[in-house]
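Report on the structure given below.
The numbers here are math on the coordinates, done by the rules we state, and not lab data. These figures come from a predicted structure and were not determined experimentally. Note that each Cβ is placed from the backbone with ideal geometry, even for glycine, and that neighbours are counted across all protein chains shown.
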């Protein structure tokens, strides 16, 4: 079990996301108002573990929430260790993990300053199976595999 530490959105792609206190997950779309949301694609929402961000910060990175392009920062769950198809519940919303990691096509500012970025190996992507409002502090639950 885990909990949401930060929720982040951005109206334009290629920019750091802004932390918001709550957000609406829209079924088969993503986070309402986020540039990466959209139907018909498997990377509707991105997740990153708070613990991985903290480890990166301890190595000298200035890394506010949202700077990796993540939508949900969760504590207590190692997202990168989950299997494709794993389902997560939060409030009334239901997510399904669709991708672990991603190729970094254009090195971000974090990569340029640190020589690495954690999103390509630690970032996880999901689609929204069931929408609902989520808030910072909400519990994240791993559901049993079917």
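Going from the residue with the fewest nearby Cβ atoms within 10 Å to the one with the most, 50, 42 rank 42, 50.
In the chain, the calculated helix contribution to ellipticity at 222 nm averages -3000 deg cm²/dmol per residue, counting -39,500 (n - 2.57) for every DSSP H run with n ≥ 4.
Sorting 1, 119 from the fewest to the most surrounding beta carbons within 10 angstrom yields 1, 119.
For the range 2-142, the relative contact order comes to 34 percent (Cα pairs under 8 Å, sequence separation of at least 6).
Computed over the range 57-99, relative contact order equals 24 percent, with contacts defined as Cα pairs under 8 Å that lie 6+ residues apart. Which of rounded, prolate, oblate describes the range 10-93, given a ≥ b ≥ c as roots of the alpha-carbon gyration tensor eigenvalues and a/c under 1.5 marking rounded, otherwise prolate only if a/b is larger than b/c? Judged from the Cα gyration tensor, the range 10-93 comes out oblate (a/c at least 1.5, b/c at or above a/b). In terms of surrounding Cβ atoms within a 10 Å radius of their Cβ, 11, 139 rank from fewest to most as 11, 139. Once the Cα-Cα distance is subtracted from the 0.36 nm per residue extended length, the residue 28 to residue 12 segment shows a gain of 3.8 nm. Put the Cα centre of the range 16-32 next to the Cα centre of the range 73-92 and the gap is 16 Å.
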